[in-house]
Amino acid sequence: MPTDAHRATCFLKRLLCARTADELREGLRPKRQEPVRRVPRNPHITREAVDGRWQALVAGTENRAELLDPWTCERMERYERNVENFIGCVKLPVGLAGPLRVNGLFAQGDYYVPLATTEAALVASYSRGAQLISAAGGCTAMLINEGMSRAPGFAFATLEDAGVFVVWALSRVEDFRREAEATTRHGRLIDLRVTVEGNHVYLNFEFTTGDASGQNMVTLATEAICAYILGHSPVRPRSSFVEANLSGDKKASAQSFLSVRGRKATAEVILPADLVERRLRSTPQQMADYWRMSAIGGVLSGTLGVHGHYANGLAALYIACGQDAACVAESAVGVTRVEVTERGALYAAVTLPNLTVGTIGGGTGLPSQRACLRILGLDGTGKAGALAEVCAGLCLAGEISIIGALCAGEFAQAHRRLARGHGSHAATSGATDG
């Protein structure tokens, strides 16, 4: 990751304007003195423990009520299993996008999608796209694959030992399944992929996880498999790790893009030309032309997949609905495609192979997050497939809206009016229904 000489020199000059080289070096050296105060180690959420953490702070204590308001104080024990060193809750504004009509294998109906964000124009844009899709009869959506993976790694003395281990491991899949499924009521081991790199072996275990997103579930199941391996392998590894960074956890990877990690879903819609012209002030041909140029732009920049901004909608939905927000790093990967049909309508489709979502477990049981899932009608068991299809429909809405705004020359205008407060919010043609 190089920096060219001109930029490096300019940056150095800016640094030396305020400090000498000796001062810079001194600032970078380790400071051996103890911190002023340590955060108390009690992991539990009690009033005394929370008070102790606030007392340990050296700044910001005057804003305690912003994080630890009366509502949060009354319910703070609800967060015991979701956070350590608790000091309060951050409040984010939540807006509704929709209605979004989804005609899916699991999601059926009109959904009002809660989105938690601090980015003005985001909810307006997704809502505009959702309403446009609904006006055309809704999007068709399908959950087409599921699988959450964990990839332990094993280091051996030689490649020969690694080979012996692989032969043995492939004959013990049923034993691995038994050990894994003893740790969970919902998880099922469905596949195993083997990667050999010299004297290193990676075993990528793939699970279904019921209605949970399942990352913790598969970690515990894989830990049980690793314990069995260490107790029974004919060749003992020199070292092993429950995750050796091959699963694609919380990062965009070509492996996950080409297969699945979480839930893979696709959605499509056909928009009549008059609807595109009336709602987006563009045409199907203009939007297809833009998509073609943006697809090449994505290729030239080296992106995994080609799309506009999946991360915007997914991050807002994940935060609102108690999903693991860090998984947006892998979830916001996929392909958007836009074409003009033989009859002159606009065909648009999205495919996302890594939607790490669930409707039970994790943060889905927290008060605000459960309330958002209930707005969707997707809290509890039997709803994860529908949530994945709604995610695909939401991303489709966002892609259509942003492409329309760019084609109509309204993209910057929408942000200027909503994000900077100029003019009436209702007059923002590039982001709202209009």
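The values are calculated or read from the model by the stated rules, or taken from the named source; none is laboratory data. Just so you know, these numbers come straight off a predicted model, no measurement behind them. Glycine gets a Cβ as well: all are built from the backbone with ideal geometry, and neighbour counts include every protein chain shown. The protein model used for the area step is the full one, side chains on, heavy atoms only, and it has no ligands, DNA or RNA in it. Shrake-Rupley method; radii C 1.70, N 1.55, O 1.52, S 1.80 Å.
Let me spell it out: the conditions are (1) exposed (fewer than 10 other Cβ atoms within 10 Å of the Cβ); (2) within 29 Å of Ala325 (Cβ to Cβ), and Glu77 meets all of them except one. Which number is the exception?
Status for Glu77: all satisfied but (1).
Please find, among Val390, Val357, the residue that is crowded, with 21+ Cβ neighbours inside 10 Å, closer than 20 Å to Leu96 by Cα, touching a residue at least 24 places away in the same chain (Cβ under 8 Å) and touching a Lys or Arg at 6+ places or on another chain (Cβ under 7 Å).
Val357
Quick one: what pairs do we get from segment 18-46, first residue part of a loop (DSSP other than H, G, I, E, B), second of a type in the set (Gly, Ala, Ser) and surrounded by 10 or more Cβ atoms within 10 Å (Cβ to Cβ), C-beta under 7 Å, 6+ apart or different chains?
Matching pairs, first to second residue: Arg37/Ala56; Arg38/Ala56; Val39/Ala56; Pro40/Ala49; Pro40/Gly52; Pro40/Ala56; Asn42/Ala49.
Which ranges mark the strands (runs of 3 or more DSSP E) fully within segment 171-251 that have 2 or more residues being closer than 20 Å to Thr356 by Cβ and touching a strand residue (DSSP E or B) at 6+ places or on another chain (Cβ under 7 Å)?
Counting at least 2 such residues, we get 188-197, 200-208.
Only one residue in Glu26, Glu74 is of a type outside the set (A, V, I, L, M) and over 30 Å from Ile360 (Cα atoms), so which one is that?
Testing whether each residue is of a type outside the set (A, V, I, L, M) and over 30 Å from Ile360 (Cα atoms) leaves just Glu26.
Within segment 146-168, which residues are free of Cβ contacts under 8 Å to residues at least 60 places away in the same chain and not in a helix (DSSP H, G or I)?
Thr158
Of everything in segment 295-310, what is free of Cβ contacts under 8 Å to residues at least 60 places away in the same chain and of a type in the set (Ser, Thr, Tyr)? Give them in sequence order.
Ser301, Thr303, listed by residue number.
So, Ala97, is that one in contact with a Leu (Cβ under 6 Å, 6 or more places away or on another chain), farther than 19 Å from Ala136 by Cα and at pLDDT 95 or above or not?
Against the criterion (in contact with a Leu (Cβ under 6 Å, 6 or more places away or on another chain), farther than 19 Å from Ala136 by Cα and at pLDDT 95 or above), Ala97 does not qualify.
For segment 114-145, give me the residue count where each residue is β-branched (Val, Ile, Thr) and touching a Gly at 6+ places or on another chain (Cβ under 8 Å).
Counting residues in segment 114-145 that are β-branched (Val, Ile, Thr) and touching a Gly at 6+ places or on another chain (Cβ under 8 Å) gives 4.
Just the residues that are assigned to a loop (DSSP other than H, G, I, E, B), open to solvent by less than 20 Å² (accessible area, probe 1.4 Å) and more than 21 Å from Ile270 (Cα to Cα), please, taken from segment 91-145.
Across segment 91-145, the qualifying residue is only Ala121.
Please go through segment 322-337 and pick out each residue that is under 21 Å from Thr303 (Cα atoms), touching a residue at least 12 places away in the same chain (Cβ under 8 Å) and open to solvent by 10 Å² or more (accessible area, probe 1.4 Å).
Selection gives Ala326, Val328, Ala329, Ala332, Val335, Arg337.
Against the condition among the polar types (S, T, N, Q) and either in contact (Cβ under 8 Å) with a residue 60 or more places away in the chain or within 30 Å of Leu378 (Cα to Cα) (or both), how does Thr208 come out, does it pass?
Criteria met by Thr208.
Go through segment 252-267 and give me each residue that's open to solvent by 40 Å² or more (accessible area, probe 1.4 Å) and not in a loop (DSSP other than H, G, I, E, B).
Ala254, Gln255, Phe257, Leu258, Lys264
Here are Phe205, Phe176, Phe165, Phe154: which of them is under 23 Å from Phe257 (Cβ atoms) and open to solvent by less than 10 Å² (accessible area, probe 1.4 Å)?
Result: Phe205 is the single residue among Phe205, Phe176, Phe165, Phe154 that is under 23 Å from Phe257 (Cβ atoms) and open to solvent by less than 10 Å² (accessible area, probe 1.4 Å).
Counting only residues that are within 22 Å of Lys91 (Cα to Cα) and in a loop (DSSP other than H, G, I, E, B), how many does segment 47-73 have?
Summing the residues that are within 22 Å of Lys91 (Cα to Cα) and in a loop (DSSP other than H, G, I, E, B) in segment 47-73 gives 5.
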